[in-house]
1. So which helices (runs of 4 or more DSSP H) stay within the stretch 287-359 end to end and still have 3 or more residues that are surrounded by 19 or more Cβ atoms within 10 Å (Cβ to Cβ), touching a helix residue (DSSP H, G or I) at 6+ places or on another chain (Cβ under 7 Å) and modelled with pLDDT of 95 or more?
2. Starting from the stretch 303-318, take each residue that is more than 13 Å from Thr169 (Cα to Cα) and list its partners that are more than 16 Å from ligand 2 (Cβ to nearest atom) and outside any helix (DSSP H, G or I), counting only C-beta distances under 6 angstrom and pairs at least six apart or across chains.
3. For the stretch 245-258, name all the residues that are in a loop (DSSP other than H, G, I, E, B), within 16 Å of ligand 1 (Cβ to nearest atom) and within 16 Å of Thr273 (Cβ to Cβ).
4. Report yes if some residue within the stretch 61-74 is in a strand (DSSP E or B), under 14 Å from Gly135 (Cβ atoms) and more than 16 Å from ligand 1 (Cβ to nearest atom); otherwise report no.
5. Filter the stretch 204-232 for residues that are surrounded by 21 or more Cβ atoms within 10 Å (Cβ to Cβ) and either within 15 Å of ligand 1 (Cβ to nearest atom) or over 21 Å from the mean Cα position of the chain (by Cα) (or both) and give the result.
6. Against the condition farther than 24 Å from Val67 by Cα and within 16 Å of ligand 1 (Cβ to nearest atom), how does Val151 come out, does it pass?
7. Got a sec? Which of Val151, Val190 is in the same structural domain as Gly262 (by the TED database), within 19 Å of the chain's Cα centre (by Cα) and in contact (Cβ under 8 Å) with a residue 40 or more places away in the chain?
Amino acid sequence: MALETPNHTQTVAGWAAYDSSGKIAPYIFKRRENGVNDVTIQVMYCGICHTDLHHVKDDWGITMYPVVPGHEITGVITKVGSNVKNFKLGDRVGVGCLAASCLECEFCKNSQENYCDQIQFTYNGIFWDGTITYGGYSDMLVADHRYVVHVPDNLPMDAAAPLLCAGITVFSPMKDCQLLESPGKKVGIVGLGGLGHVAVKMAKAFGHQVTVISTSPSKENEAKQRLGADYFLVSTDAKQMQRGKRSLDIILDTVSAKHSLGPILELLKVNGTLVVVGAPDRPIELPSFPLIFGKRAVKGSMTGGMKETQEMMDVCGKHNITCDVELIKPDKINEALDRLARNDVRYRFVIDIAGTSKL
Ligand code: NAP
Ligand code: ZN
């Protein structure tokens with residue numbers, strides 16, 4: 001793997017972490033020429049996902065420094081490769097977690113390229129040309145058009161940006177659990193952060209009764225009044241958790257830190273399903289009794305395929321679902337990452353990369 005090839009001629013201004021202190025500083029680097037299958041995107045906004053925090057701090061032990069994070073990207077197309085038919089100059093587009101996949105395996109052929117075992121991500125991945133991928137904390141991006149989606153006209157580019165990761169990561173398991181077509185289910189969302197808050201909005205838009213399970217009592221009013229949740233359980237309050245036993249059909253766990261799934265499983269009805277999308281750096285505890293006494297299932301889900309990502313964007317356009325964001329300038333990225341680590345954000349930081357907002 002390399003940082004660049006002779007084809008990397010375009011100079012880009014970005015922001016990178018250089019070591020596991022996780023501190024972000026300006027970073028000038030090169031991107032490839034716009035190839036026949038590529039589009040070049042002037043980045044407008046980029047969300048700060050908790051995965052960015054895991055990467056800059058090397059929580060998962062896989063970070064290649066310097067790392068330019070960012071996989072919740074919205075922007076405008078400035079160049080279009082000759083093979084690209086579905087995008088044109090000036091289109092409002094989004095890029096999420098995926099940068100490349102093998103294009104040949106059963107998953108790539110079946111619009112589930114997110115499960116290709118050669119999947120490469122928008123940052124900290126290895127692109128087809130052997131170079132390390134750099135993400136959306138940068139003013140320009142070159143992306144293969146197969147990993148780019150359209151942003152519906154009615155969605156603002158800042159509040160739509162986190163849909164590209166947070167949105168698709170919760171949409172995909174909801175679709176998988178038939179929550180789009182069968183309303184009236186009892187759905188639990190564990191962790192009211194970036195992923196969790198958009199999950200609440202989607203589950204409500206799809207007609208379900210939603211219970212938030214949170215460690216933060218201070219989020220209860222917002223969860224109910226602004227996001228539309230029906231119930232709120234404080235997970236550290238044993239009495240509240242006891243009252244919620246066997247009440248939910250499906251739960252999405254978005255928690256970013258180590259925790260036990262036992263008390264969460266107890267909230268599921270018999271035969272219920274818990275989908276884990278949060279990715280703590282240490283194994284979560286999975287006690288067997290709540291599993292076997294309730295015939296419950298636990299499964300995982302990783303972002304979504306590209307067809308599904310476009311579908312999610314269109315569904316959000318139809319229901320007017322956007323994220324609640326705190327917009328920041330790039331010089332406040334470190335402060336935002338510190339606050340995200342302290343669980344102090346409502347509910348997603350988004351970087352105004354192009355400087356187009358009044359901040
Ligand atoms: P986030 O905004 O920080 O939200 C995480 C939430 O988890 C917090 O708001 C908090 O909610 C809860 N939480 C934090 N620490 C906790 C603890 N010690 N015990 C219990 N709950 C705790 O993060 P995010 O961006 O939504 O991402 C969440 C996780 O999903 C991260 O691990 C991220 O890497 C992962 N992720 C996975 C995928 C995928 O494809 N599967 C995609 C994107 C992100 P309360 O205050 O309500 O308790
Ligand atoms: Zn993410």
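The values are calculated or read from the model by the stated rules, or taken from the named source; none is laboratory data. Here the structure is a predicted model, which means the values were calculated and not measured. As a convention, Cβ positions derive from the backbone with ideal geometry for all residues, glycine included, and neighbour counts pool all protein chains shown.
1. Details: elements: 288-293, 306-319, 333-341.
In the stretch 287-359, the matching helices (runs of 4 or more DSSP H) lie at 306-319.
2. Note: pairs meeting the criteria are Lys307/Ser111; Gly317/Pro152; Gly317/Asn154; Gly317/Leu155.
3. From the stretch 245-258, those in a loop (DSSP other than H, G, I, E, B) are 245-247, 254-258; that's our starting set.
Among the residues that remain, those that are also within 16 Å of ligand 1 (Cβ to nearest atom) are: 254-258.
Residue satisfying the conditions is Thr254 alone.
4. Applying the first criterion (in a strand (DSSP E or B)) to the stretch 61-74 yields 67, 73-74.
Okay, now just the ones that are also under 14 Å from Gly135 (Cβ atoms), so 67, 73-74.
Still in the list and also more than 16 Å from ligand 1 (Cβ to nearest atom): 74.
Yes, the stretch 61-74 contains at least one residue that is in a strand (DSSP E or B), under 14 Å from Gly135 (Cβ atoms) and more than 16 Å from ligand 1 (Cβ to nearest atom).
5. Going through the stretch 204-232, the residues surrounded by 21 or more Cβ atoms within 10 Å (Cβ to Cβ) turn out to be 206, 208, 210-214, 219, 223, 227, 229.
Passing the criteria: His208, Val210, Thr211, Val212, Ile213, Ser214, Lys219, Ala223, Leu227, Ala229.
6. Working: farther than 24 Å from Val67 by Cα: yes; within 16 Å of ligand 1 (Cβ to nearest atom): no.
No, not satisfied.
7. Numbers: Val151 fails: in the same structural domain as Gly262 (by the TED database).
The unique qualifying residue is Val190.
Rundown of residues vs (1) away from ligand 2 (no atom under 16 Å from the Cβ); (2) of a type in the set (Val, Ile, Thr); (3) farther than 21 Å from Pro156 by Cβ; (4) under 22 Å from the mean Cα position of the chain (by Cα), yes/no style:
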residue	(1), (2), (3), (4)
Ala25	yes, no, yes, no
Asp38	yes, no, yes, no
Ile41	yes, yes, no, yes
Cys46	no, no, no, yes
Asp52	no, no, yes, yes
Gly70	no, no, no, yes
Asn86	yes, no, yes, no
Gly94	no, no, no, yes
